[in-house]
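Notes follow the structure.
Readers should treat all values here as calculations from the given coordinates under stated rules, not as data from a laboratory. The structure displayed is predicted, hence computed values, not measured ones. Cβ coordinates were reconstructed from backbone atoms using ideal geometry, including for glycine residues, and neighbour counts include every protein chain displayed.
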Amino acid sequence: MTGMICGTGSYVPDNILDNHDIAKLVETSDEWIRERTGVVKRHIIGNETTVSMAAEAGKRALEDAKVDAKDVDMILVSTISSDVILPCAACKVQKILGAERAVCFDLNAACSGFIFAYNTALAYLASGMCRTILVIGSESLSNLINWKDRGTCILFGDGAGAAVVKACEGKNYQIAAHSDGAKGEALTCPGGHVKGWQQMPEEDRYMKMDGRGVFQFAVKRVPEAIREVLEINRLKIADIDYFILHQANRRIVEAVAKRLGVEIEKFPMNLQEYGNTSSASIPILLDELRRSRVLQPGHRIVLAGFGAGLSWGADIIDWKI
């Protein structure tokens, strides 16, 4: 028994900050940001929250899959930026959607979050404990950003993506997943509810990133994980139609493609529109590729996530919708 994605959905706020808007906040320019990151604009929450975006993306995924919310057995929400601690975001989503039968919990693995949540769903499906699972990545990263820090404010955006995963007969691919907590200082963010947060210097309250360190980590570990997942499943790079990577930085994606010896056309990107949306980036891109019919039944794809933790991983999916 394995799992099949049978529907996708996404939601991004209408409010947009382009690079010219960012240049009013910090010393930078549209040309500088485009050249170093590939980001052109990012969507930023107004009245939306992490929960409301997650619920809307989940609703759209259920509609796409033609699945009633009452038939969902589990809701997993991957997020580092929930607007609630108790109850968890997944329980709030359950209430909004009316998925009264679903067991719900949140998962925090930052930019690897959707990959790890999808793997968790596969494990529940393989065990027979669940038949239908709603997996969501939702982030309000604008709440975690120091808007005076050029190293982070140019990169990140808000949004949510979701996938309905149902149990089915088929090949059960092995996964590649890793973490290295010893190197976690490369990307950090303190909790706003911890003692002393308000007394911290402003630059220490928000997300901080060693950009060079994260880049070097990603361009080394992501190709390794992709090769690993292909090897353990006895597949070759030529067997893969598309590589769907976490949308962190155009240079990272291009470097991964080069190291694998794969044409960049097999690495779809939408980061120019949304920036880095952490755990939401892969499902947002999946939804766009599905609705634009770029992904077709019979395509075999690799998903790869990487980010804070440090954590990284890769999956193989036979696309069927």
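Ordered by packing density, taken as the mean number of other Cβ atoms within 10 Å over each peptide's residues, highest first, how do 205-212, 149-156 rank?
Highest mean packing first, the order is 149-156, 205-212.
Pairs of Cα atoms under 8 Å, at least six residues apart: use those to get the relative contact order of the range 222-317, whole percent. Kindly include the intermediate steps, with their values, before the conclusion.
Working: 125 pairs, mean separation 37.8, N = 96.
Computed over the range 222-317, the figure is 39 percent.
Among (i) 1.25; (ii) 0.94; (iii) 1.01, which one is Cα Rg over 2.2 N^0.38 Å computed from these coordinates?
Answer label, from the structure shown: (ii).
On a straight-distance basis, which lysines could pair with Lys41 in a cross-link, Cα separation under 19 angstrom, same-chain partners fewer than 8 positions away excluded?
Lys24, Lys148
So what is the relative contact order for the chain, in percent, with contacts set as C-alpha pairs under 8 Å and at least six apart? Let's see the in-between values first.
Numbers: 781 pairs, mean separation 82.5, N = 321.
Computed value for the chain: 26 percent relative contact order.
When the chain is modelled as a GNM with alpha-carbon springs shorter than 10 Å, which of Leu134, Leu235, Leu286 fluctuates the most?
Residue with maximal mean-square fluctuation among Leu134, Leu235, Leu286: Leu235.
Within straight cross-link reach of Lys171, meaning Cα distance under 26 Å, which lysines are found once same-chain residues fewer than 8 apart are removed?
Within the straight-line limit of under 26 Å, Lys171 reaches these lysines: Lys66, Lys236, Lys266, Lys320.
Determine the shape class of the range 176-318: with a ≥ b ≥ c the square roots of the Cα gyration tensor eigenvalues, call it rounded for a/c under 1.5, and otherwise prolate if a/b is greater than b/c, oblate otherwise.
Numbers: a/c = 2.35, a/b = 1.79, b/c = 1.31.
It comes out prolate by the Cα gyration axes.
Please state the equivalent ellipsoid semi-axes for the range 95-149: what are the square roots of 5 times the Cα gyration tensor eigenvalues, largest first, in whole Å?
Working: eigenvalues 159, 46, 8 Å².
Semi-axes, largest first: 28, 15, 6 Å.
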